[in-house]
Structures are given as structure tokens and as C-alpha cells.
Number of protein chains: 2
Amino acid sequence: MGLFTKDIKTMDDLFVHQLQDIYYAEKQLVKALPTMADRATNPELKQGFLDHLDQTKTHVSRLEQVFKLHGATVKAVDCPAIDGIINEANETAGEVEDKAVLDAALINAAQAAEHYEITRYGSLVAWAKQLGRNDCASILQETLDEEKATDQKLTALAEKKINARAVA
Amino acid sequence: MGLFTKDIKTMDDLFVHQLQDIYYAEKQLVKALPTMADRATNPELKQGFLDHLDQTKTHVSRLEQVFKLHGATVKAVDCPAIDGIINEANETAGEVEDKAVLDAALINAAQAAEHYEITRYGSLVAWAKQLGRNDCASILQETLDEEKATDQKLTALAEKKINARAVA
């Protein structure tokens, strides 16, 4: 987006800008999740990351569908927030020696990404409805529901298995 | 933290590392919130940011209390995630021309920060309990509850007032 002009003039512009931002974020996560799956030692966590990778690819396709429905060009803009979240995940994971502790750190990292997506999709759904785009809102809502479900699954896995093993 | 050594060896180390990360994040938010309040045009949103600034200062003090209770040095480590969230907020806000649309963008930015904190405090509470530090867990839980309440307040304000005005 422009550094010298104010490119976001309407709510519609803000909606499209946010679509471009989360489109970038989802694509970065498609790149990051295989590494997270490789690093995970708990088999359930490893499989969880692989399942979420498939889901994330679907989220990318859904966003492309929303861009088209809304008559906007499919385009990504840099999203410093997700880059920061992924960098932090890599930095922290790189500092962890113990495998069980690493699993706890990986879940924590994945949940930061999930929460980022939950907040962005939450706004996108609300904005789509406000703009009278219930068709876009319902597609975005599907992804939002899946992100929330993934976050809850990760919490359950952390609390029931990973954290206890990491402290043992 | 060390670039050449693996400094996180135990769950306790991960807990302290995460405390240092969120301590940095809260301190960055103490710096960012006055600018957000300045930019906001809706008086309720402006006041909301100022109230949350006071709350954030309390969160900083609570973290210092947890560091001390746990016998760890009060210290911040860089948190690329919150830096990314704040940079993205500034970049997007800088591109918005319309005041009402800017308010919608500011709420969205603030909620990304809230969600980051919710996920981090969520892990910290779980880890503190696992480590047998219920004293630390209950202090961290207080902040977690406040972050969740702030997020809900922002959603209500966006849905009831800000978004409709931004589309009008």
C-alpha cells in the first residue's frame, strides 16, 4: 500500500485491505506449519499441525473466493504481525533444548497465530455484514469457526498432555 | 537470549522467558496506547484507550510482582510479535483517510494486541499451575480476565457504534 498517499478511504477499502493482510498471513502459515510439524515430538501434536496445514490451505482458497465474490483483485499485502509471530516462534523454538518443553513452546506459538487469525476474521465477518456482504461473511465465518476449534483443541492437548510431560 | 546456546532447558525457563516476552509487550503497549487515544475520534473509544492505558500500567506492575514471587530477575526480552502488531497498526492507521473508518481500524488493531495478550497469559496461567505456582497463576489470571473483558468491550463498541458509522 502507498507510503505517501492515504489509500484506505472507505470501510470497503479497509475490508479489502484486511482481506489482503490475512491472505498473506494464511500463506505464511502454509509455509510455517510443516516446520512446526517436523519439530513437534508428541505424535498427536505433529498430526494436529499437519491437519491444520490442510485446513489452512482451504482458508487460502476461501479467501480467494471472497476476493472474487467482492469483485476485488486477489492480492496479499505484507502483514508485519504474522511475520512477528512466526519469527518469535522460530526464535523461541531455537532456544529450547528439551523435547517436551519444545512441544509446549510450539503449542504456545501456534495459539498466538490462531488468536491473530481469530481477531482478524472476527473483524472481517463484522465488516462484511455491515457492508451488506452476507455472502462473504458466511464464508469468513466458516474459517473463523475452524480457527476457534483449532485453538480449543490446542488448549486441551496442552492441558491434558503436553504441559504435564514438559514439567515431569 | 542466546543466539549460540539453547537457553531454555526446563518448563521453568520457558515460563520465565514468556514472562519476559509479555513484560516487553505490556511496556510497548504503555507507549502505543496514548497515540491510539490521540488518533481515535469517537469519545468512547478515546476514553476506552485511556482507561486501558491505566490498566496496562497495572499489568506491568503485576508482572514485576510475579517475577519477584518466582525469584526471577525483572527483565524484558524483545517480542517481535507485539512489535509486528504495533507496526501493522501504525501502518494501517496511517493509510486511513476517513475518521470513522480510522476508528474501526484502531479497534481492530487494539483487538489484535488484546488477543496476543490473551493467548500469552492463557499459557502463562496454565504453566504456572503446572509448575505448582498457584500464587503466580492467580495474579496472571487477574490480568487475563481484564484482557478478555477489554476485548469484549471493544467488540461491543465496534458492533454497536463504530462500524455502522464507518459505513454510513
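General remarks:
- Residue ID - farthest from the other protein chains (Cβ to nearest Cβ), chosen from residues in region B:109-119 that are open to solvent by less than 10 Å² (accessible area, probe 1.4 Å) and of a type outside the set (A, V, I, L, M, F, W, C): B:E117
- Listed here are the helices (runs of 4 or more DSSP H) enclosed by region A:93-168 that have at least 2 residues being farther than 20 Å from B:Y121 by Cβ and among the aromatic types (F, W, Y): A:99-130.
- All conditions in (1) under 30 Å from A:A158 (Cα atoms); (2) open to solvent by 20 Å² or more (accessible area, probe 1.4 Å); (3) not basic (K, R) hold for A:A76, with the sole exception of (1).
Condition check ((1) under 23 Å from B:R165 (Cβ atoms); (2) surrounded by fewer than 17 Cβ atoms within 10 Å (Cβ to Cβ)) across all residues:
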| site | (1), (2) |
| --- | --- |
| B:M11 | no, no |
| B:V16 | no, no |
| B:K27 | no, no |
| B:T35 | yes, yes |
| B:H52 | yes, no |
| B:T56 | no, no |
| B:S61 | no, yes |
| B:K68 | no, yes |
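- Qualifying positions in region A:84-109 - within 14 Å of B:V77 (Cβ to Cβ), over 18 Å from the mean Cα position of the chain (by Cα) and acidic (D, E): A:E91, A:E95
- Which listed residue, of B:L106, B:L102, is surrounded by 21 or more Cβ atoms within 10 Å (Cβ to Cβ), more than 7 Å from chain A (Cβ to nearest Cβ) and in contact with a strand residue (DSSP E or B) (Cβ under 7 Å, 6 or more places away or on another chain): B:L102
- Residues in region A:1-59 that are aliphatic (A, V, I, L, M), in a loop (DSSP other than H, G, I, E, B) and in contact (Cβ under 8 Å) with a residue 12 or more places away in the chain were compared, and the one that is nearest to the other protein chains (Cβ to nearest Cβ) is A:M1.
- So B:V125, is it open to solvent by less than 20 Å² (accessible area, probe 1.4 Å), without any contact (Cβ under 8 Å) to a residue 24 or more places away in the chain and more than 9 Å from chain A (Cβ to nearest Cβ): yes
- Boolean, A:T92 is surrounded by 20 or more Cβ atoms within 10 Å (Cβ to Cβ), within 30 Å of B:A128 (Cβ to Cβ) and touching a strand residue (DSSP E or B) at 6+ places or on another chain (Cβ under 9 Å): yes
- Within region B:77-97, the set of residues being touching a Lys or Arg at 6+ places or on another chain (Cβ under 7 Å) and more than 7 Å from chain A (Cβ to nearest Cβ) comprises just one member, B:A93.
- Any hit, region A:60-76, residues being within 14 Å of chain B (Cβ to nearest Cβ) and modelled with pLDDT of 95 or more: yes
The values are calculated or read from the model by the stated rules, or taken from the named source; none is laboratory data. All figures in this text were calculated on a predicted structure; none of them were measured in a lab. With ideal geometry, Cβ positions are generated from the backbone for all residues, glycine too; neighbour counts draw on all protein chains shown. Keep in mind that these areas ignore ligands, DNA and RNA; they rest on the heavy atoms of the full protein, side chains included. Shrake-Rupley method; radii C 1.70, N 1.55, O 1.52, S 1.80 Å.
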